[in-house]
Amino acid sequence: MTSGVQAYIDPIFEAIDEAYASEQKRIAEFQIKSVLHEGIHEYLKVTCKKDGLWVDTYEPFDWDHRRPDTKISGFTDGVTLQQVQDEWMPVFRERIEALFKSKEFSSRFFRYRLEFHLEVVLENKASHFTFSLLNEDERQQLLATIQQFVEQKLNPSSKAVPKEEDDFFLVRHLLDPHLYPVNAQWMNELLNRMDAKVKVSRKREEAWRYQLSSGLKHWAEDEFLANYTDREKSYGLDYKVKPDILPSEIPAPAMEMLLLTAMRVGSTDADARQKYLEIAAQLGSEQASVWLESGSGSIPALYTSERVICQANDILQTLEVQIRSEEEESYREAFVYLCDILRKGFTKEYRMKFKSKVKNYLPVPKLAKSTLHRFFANALEYPALHPLLAEYAEVVMEEFKWYNDVEPGEKSAMPGTYAVMGLGLKGKNYFPLVNRYMKLVDSEHQSVQDGYAAVFADAHGLTPDTIPVWTRVLLAGNESAKPLKSSRIETVEQAQVLVEELEKLEDYEQEVLVYRIWGDAKKLKNSLKQAAPEVKELLETLIP
């Protein structure tokens, strides 16, 4: 290596050594909890510009335009691309390969494969050079570990359950094209086995589903979409098929894998599923076109009568309802159809297109005025339909799920929300349903129920029959819920029932209720100055 090359290589490897030393120290502190946990590093990039250089040990984001970490004025002055190709790259390959095989790094430092990227900016134009290194012995050892894991932990006849810490690595390894050829049928079989294993609890299922969805999206973006589409933005789903791509150029296994990915991620990201299927259809997939047009075929996709038209697509998670005749029977037919497809597997987190000349809404302040809300509010105007709406609510209510009638956020509502809140305002027969809903709702991530207590009290008043339900509604409020404008507790009978309800609760729940009704114990005490003696005596027991 000439001294001229040395002047450039030395500061670069000083930066690499510094970065790797920091990573070595960090990795040494890891507590390895998964047998599938192999090395960390599989990527190394060096960027050289006129004012210096920097090193990335992880692939940087497209929008990362930071300044050089090592500042060297005039660093690339006089350098040519030919020099980089002929003189720099052989040195890089020799020294990076030596690092890759070095025993000074722990077994958890490098993966079995390392990609090296060099970016050199000359005269404001970036040029890229790259090579890959492979440790075949490490690769074979990893394959053997994965195979043993599959045989022991994913064996249907075994009671073994993979640990949550295994999820990330299992997904990463199975989707790694350098470990396994793309095979959607084989992949789906293993994923089904894992699905069955994690059914021990909802939390375990959710953890697995998150890692799987995340891994599949990375596969779709890095291994498929990067080859066949252009992305106008560095985030979101803004993909467009490249104009020069022909359907015949798409390998069948890759297309099958994209379809499997679309179906799998759809349970947690309907927008991603739709986008992947749209791209697949544009690239010639007839299956994707059928799914986009009419769904999977596992539910009745269409119901028509003189009164109503209902069309559902379980792939897109959409329901379209057109009311041809504004009458009770039209809504009855729509709800019978909806309950039927829900029992056959249609998602509870659907979005709706609704056509009707009538626009009713529930008087609950935080509810979104969506078409789905209007559909339920219209149906609630027919008392004879209330039992059917209650039946629907019992089918659809599920914790940690939300309708897709609005963007995720403060207006998100658990399936069943509009039916339950409406029925709760209509009659006492549905108080048990309201109670079940309020016990089930995820108050940490949903707040549309916060305004319901006041509306409920307006509709029914506060009596021995309503106060137990009212307190349950208050307890289901989000932590951001504000106190009521008026406590409405004025009579001995009301105070007696309220105190009896609070005595059934844990101390922290009592504190929540006192806050939601009065603001806090101090405000409760102040409010009692004007209360009747009997009421004051009862409510003072709530003051710590």
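Just so it is clear, none of the values below were taken in a lab; they were calculated from the coordinates. Fair warning: this is a prediction, and the values are worked out from it, not measured in the lab. No Cβ is skipped: glycine too gets one built from the backbone with ideal geometry, and neighbour counts run over all protein chains shown.
Take the Cα pairs of the range 345-472, get the Kirkwood Rh, then feed it into Stokes-Einstein at 10 °C and 1.306 mPa s and tell me D in µm²/s.
On the way: Rh = 14.7 Å.
For these conditions, the coefficient is 108 µm²/s.
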* To do: List HIS173, HIS178, HIS373 from most exposed to least, where exposure is judged by having the fewest other Cβ atoms within 10 Å.
  => HIS178, HIS173, HIS373
* Asked: Using 7 Å Cα-to-Cβ label points, what is the HIS117/GLU503 separation (nm, one decimal)?
  -> 6.9 nm
* Name the chymotrypsin sites (Phe, Trp or Tyr not before Pro) in the range 56-129 that are in a loop by DSSP and that have at most 12 other C-beta atoms within 10 Å, would you? -> TYR58, PHE61, TRP63
* Which value in Å does the Kirkwood hydrodynamic radius of the range 396-531 take, with 1/r averaged over all unlike C-alpha pairs and then inverted? -> 15.4 Å
* Structure fact -> Given the candidates THR268, TRP208, ASN192, the one whose Cα lies deepest towards the positive end of the charge dipole of the chain, counting +1 at each Lys or Arg C-beta and -1 at each Asp or Glu C-beta, is THR268
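Near VAL492, within a Cβ-to-Cβ distance under 11 Å, what is the net charge of the other residues, with Lys and Arg +1 and Asp and Glu -1? If you can, show how the numbers build up before the last one.
Working: positive: LYS536; negative: GLU490, GLU493, GLU534, GLU537.
With Lys, Arg at +1 and Asp, Glu at -1, the neighbours total -3.
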* Asked: Near GLU329, within a Cβ-to-Cβ distance under 13 Å, what is the net charge of the other residues, with Lys and Arg +1 and Asp and Glu -1?
  -> -2
* Residue-wise, which Karplus ³J(HN,Hα) couplings in Hz belong to the range 132-144, taking 6.51 cos²θ - 1.76 cosθ + 1.60, θ = phi - 60°, and x for glycine or proline? -> 10, 10, 10, 9, 5, 4, 5, 4, 5, 5, 5, 4, 5
* Please sort 258-265, 25-32 by packing, taking for each peptide the average over its residues of neighbouring beta carbons within 10 angstrom, highest first. => 258-265, 25-32
* Asked: Could you name the lysines in cross-link range of LYS153, using Cα to Cα under 18 Å and dropping any fewer than eight places away on the same chain?
  -> LYS33, LYS163, LYS197, LYS199
* FRET efficiency for GLU249 and GLU151, using Cβ-Cβ distance with R0 set to 30 Å, rounded to 0.05 -> 0.20
* Run the quick spin-label model on ASP442 and GLU511: label points 7 Å from Cα toward the beta carbon, then report their separation in nm to one decimal. => 2.5 nm
* Asked: So in the chain, what percent of DSSP beta bridges are antiparallel if you round to the nearest 5?
  -> 70 percent
* Value in Å of the Kirkwood radius, where the chain supplies the Cα pairs that are averaged -> 28.5 Å
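Under unit Cβ charges (Lys, Arg +1; Asp, Glu -1), what dipole magnitude, rounded to 20 debye, does the chain have relative to its Cα centre?
1260 debye
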* **Reachable aspartates and glutamates, given that their alpha-carbon falls under 13 Å from the alpha-carbon of LYS536 and they are not under 8 places away in the same chain** => GLU490, GLU493
* Asked: What are the residues whose amide H is under 5 Å from the amide H of LYS50, where those residues sit 5 or more places off or on another chain and H is modelled from the backbone?
  -> THR76
* **Links that overshoot a 23 Å alpha carbon limit, given the list LYS217/LYS275; LYS159/LYS203; LYS411/LYS504** => LYS411/LYS504
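What's the FRET efficiency of GLU29 with LYS366 using the Cβ-Cβ distance as r and R₀ = 41 Å, to the nearest 0.05? Intermediate results must be reported in sequence, preceding the final value.
Working: r = 45 Å, r/R0 = 1.11.
After rounding to 0.05, the efficiency reads 0.35.
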* **the range 271-279 - phi-based ³J(HN,Hα) in whole Hz, Karplus 6.51/-1.76/1.60, Gly and Pro as x** => 5, 5, 4, 4, 5, 4, 5, 4, 5
* Nonlocal amide H pairs with PHE131, under 5 Å, H built at 1.01 Å -> PHE116
* Determine ³J(HN,Hα), in whole Hz, for all residues of the range 400-416 in sequence, where each value follows from phi through the Karplus function 6.51 cos²θ - 1.76 cosθ + 1.60 and θ = phi - 60°; x replaces Gly and Pro. => 6, 10, 9, 4, 9, 7, 9, 5, x, x, 5, 9, 4, 9, 4, x, x
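Let me have the 222 nm mean residue ellipticity of the chain computed from DSSP H runs of 4+ only, each contributing -39500 (n - 2.57), with the sum over all residues rounded to the nearest 500.
Working: 20 runs with 245 residues, N = 544.
After summing the helix terms and dividing by the residues of the chain, the value is -14000 deg cm²/dmol.
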* **DSSP beta bridge pairing in the range 3-134, given as percent antiparallel to the nearest 5** => 70 percent
* Any idea how far the Cα center of the range 400-445 sits from the one of the range 498-530, in Å? -> 25 Å
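Based only on Cα atoms, what mean projected area does the convex hull of the range 3-134 have, in nm²? Can you show the working numbers first?
Values: hull surface 35.1 nm².
Value for the range 3-134: 8.8 nm².
What net charge is computed for the residues neighbouring PRO300, neighbours being all others with C-beta under 10 Å from the C-beta of PRO300, Lys and Arg scored +1, Asp and Glu -1?
Taking every other residue near PRO300 into account, the sum is 0.
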* Centroid-to-centroid separation of the range 145-168 and the range 272-295 [C-alpha atoms, Å] -> 33 Å
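About the Cα centre of the range 1-125, what is the dipole size in debye to 20, counting +1 per Lys and Arg Cβ and -1 per Asp and Glu Cβ, all else neutral?
Values: 17 positive and 23 negative charges, 71 e Å.
Value, rounded to 20: 340 debye.
Treating only the Cβ atoms of Lys and Arg (+1) and Asp and Glu (-1) as charged, compute the dipole magnitude of the range 302-436 about its Cα centre; round to the nearest 20 debye.
Numbers: 19 positive and 18 negative charges, 67 e Å.
Using Cβ point charges on Lys, Arg, Asp and Glu, the range 302-436 gives about 320 debye.
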* Structure fact -> Cross-link reach from LYS50 to lysines, straight Cα distance under 21 Å and at least 8 residues apart if same chain, gives LYS71, LYS125
* To do: Identify, among THR57, SER412, ASN313, the residue whose Cα sits farthest towards the positive end of the charge dipole of the chain, taking +1 on the Cβ of Lys and Arg and -1 on the Cβ of Asp and Glu, with the dipole about the Cα centre.
  => SER412
